[in-house]
Amino acid sequence: MNKLIVAGICFFLSIPQVSEAQHTVFEPGKVWNDTEGNPINAHGGGILYHEGTYYWYGEYKKGKTVLPEWATWECYRTDVTGVSCYSSKDLLNWKFEGIVLPAVKDDPNHDLHPSKVLERPKVIYNRKTGKFVMWAHVESADYSKACAGVAVSDSPAGPFTYLGSFRPNDAMSRDQTVFVDDDGRAYQFYSSENNATMYISLLTDDYLKPSGRFTRNFIKQSREAPAVFKHDGKYYLITSGCTGWDPNVAEIAVADSVLGEWKTIGNPCTGPDADKTFYAQSTYVQPVVGKKDAYIALFDRWNKTDLENSLYVWLPVLIENGKIVIPWQDKWNLDVFK
Ligand code: DGJ
């Protein structure tokens with residue numbers, strides 16, 4: 001073959017073959033492909049911004065959704081396959097970084113065995129230790145374990161080393177998130193007491209354990225799916241009611257300090273199906289770095305009989321006359337923020 005043709009073929013093969021067109025808008029509730037053209041698989045997730053890059057971690061729900069034959073309620077599940085990570089510079093186009101905390105297939109007693117449940121992973125960065133710390137809800141298939149699991153890594157894209165699980169402050173821990181305040185203190189928010197009461201727990205300085213200081217909030221109000229952010233010196237917490245995989249109305253609460261006292265101020269969602277949180281459930285709120293008063297609310301639109309194909313509903317959090325609102329948008333981009 002002619003040398004020139006060979007050189008041409010080699011040059012073509014050396015160009016990364018990106019099959020997916022660049023996204024320029026968020027389309028809530030539509031299939032969202034990563035940069036390789038595969039649907040993003042990061043459910044119940046959260047975002048970490050680190051050194052110019054956003055990292056999105058979530059439940060990698062791969063494979064068939066099943067309802068165990070012993071089930072007396074709709075505890076649809078997929079096998080645990082691990083926690084996925086995607087990276088992005090613009091929050092729209094996400095590159096798959098791989099499974100950063102994999103399932104442990106060879107030990108049926110391990111928290112990360114496929115037969116268990118792993119939900120709502122979140123990662124925070126500890127400036128003092130230089131470690132990336134993941135907190136997640138680790139469960140038995142019948143949801144009786146109600147524990148938090150912790151893993152660490154030296155790099156945002158993993159791999160994470162699993163440290164183990166426990167009931168923080170000796171209390172049940174199911175839906176959960178973690179939040180780092182401006183002063184570097186970190187907190188775990190978790191549905192406890194059989195989901196009746198939301199605990200907010202100050203973590204130790206290394207973010208690996210509860211410090212022992214915690215508050216009980218929304219007592220007997222059955223809130224889950226916590227997503228927290230800070231705006232203008234106040235703390236805001238979006239939660240859902242407890243209706244399994246089915247949608248319900250969201251609520252937002254406000255507080256002057258993370259540990260409370262929290263005051264519920266209503267449903268932040270507006271527009272069609274706002275009373276069902278747009279058929280989705282909160283999981284995280286991410287500030288847009290470099291834009292003032294710009295936050296994105298992340299929700300999961302669960303497909304309970306096909307959890308892998310659950311969709312994402314990301315919407316801008318707008319501040320209208322000092323009030324927090326999350327209006328439905330078919331399509332939007334970051335220009336929505338002034
Ligand atoms: C609602 C929770 O928010 C989800 O994370 C999951 O635990 C389902 N319940 C299970 O039914």
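The values are calculated or read from the model by the stated rules, or taken from the named source; none is laboratory data. Everything numeric in this text was worked out from a predicted model, so none of it was measured. Backbone-built Cβ (ideal geometry, glycine too); neighbour counts: all protein chains shown.
Things worth noting here:
- For segment 38-70, residues that are part of a loop (DSSP other than H, G, I, E, B) and closer than 26 Å to F278 by Cβ total 9.
- Among residues of segment 311-329, those that are surrounded by fewer than 22 Cβ atoms within 10 Å (Cβ to Cβ), within 17 Å of the chain's Cα centre (by Cα) and either modelled with pLDDT under 95 or within 16 Å of the ligand (Cβ to nearest atom) (or both), counted: 1
- Qualifying strands (runs of 3 or more DSSP E) (wholly inside segment 216-298; at least 1 residues being within 15 Å of the chain's Cα centre (by Cα), within 16 Å of the ligand (Cβ to nearest atom) and not small (G, A, S)): 223-231, 234-241, 281-287
- Once segment 109-129 is narrowed to residues that are within 16 Å of the ligand (Cβ to nearest atom) and hydrophobic (A, V, I, L, M, F, W, C), the residue that is surrounded by the fewest Cβ atoms within 10 Å (Cβ to Cβ) is V117.
- Only one of the numbered conditions (1) more than 27 Å from G244 (Cβ to Cβ); (2) in a loop (DSSP other than H, G, I, E, B) is violated by W73, and that is (1).
- Meets criteria (over 20 Å from G46 (Cα atoms) and among the aromatic types (F, W, Y)) for W328: yes
- The residue that is nearest to the ligand (Cβ to nearest atom), counting only those in segment 158-182 that are within 22 Å of Q286 (Cα to Cα) and surrounded by fewer than 18 Cβ atoms within 10 Å (Cβ to Cβ), is D181.
- Among the residues examined, F132 does not qualify as surrounded by fewer than 20 Cβ atoms within 10 Å (Cβ to Cβ), at pLDDT 95 or above, of a type in the set (F, W, Y) and assigned to a strand (DSSP E or B).
- Restricting segment 76-124 to residues that are among the aliphatic types (A, V, I, L, M) and assigned to a loop (DSSP other than H, G, I, E, B), the residue that is nearest to N38 (Cα to Cα): L92
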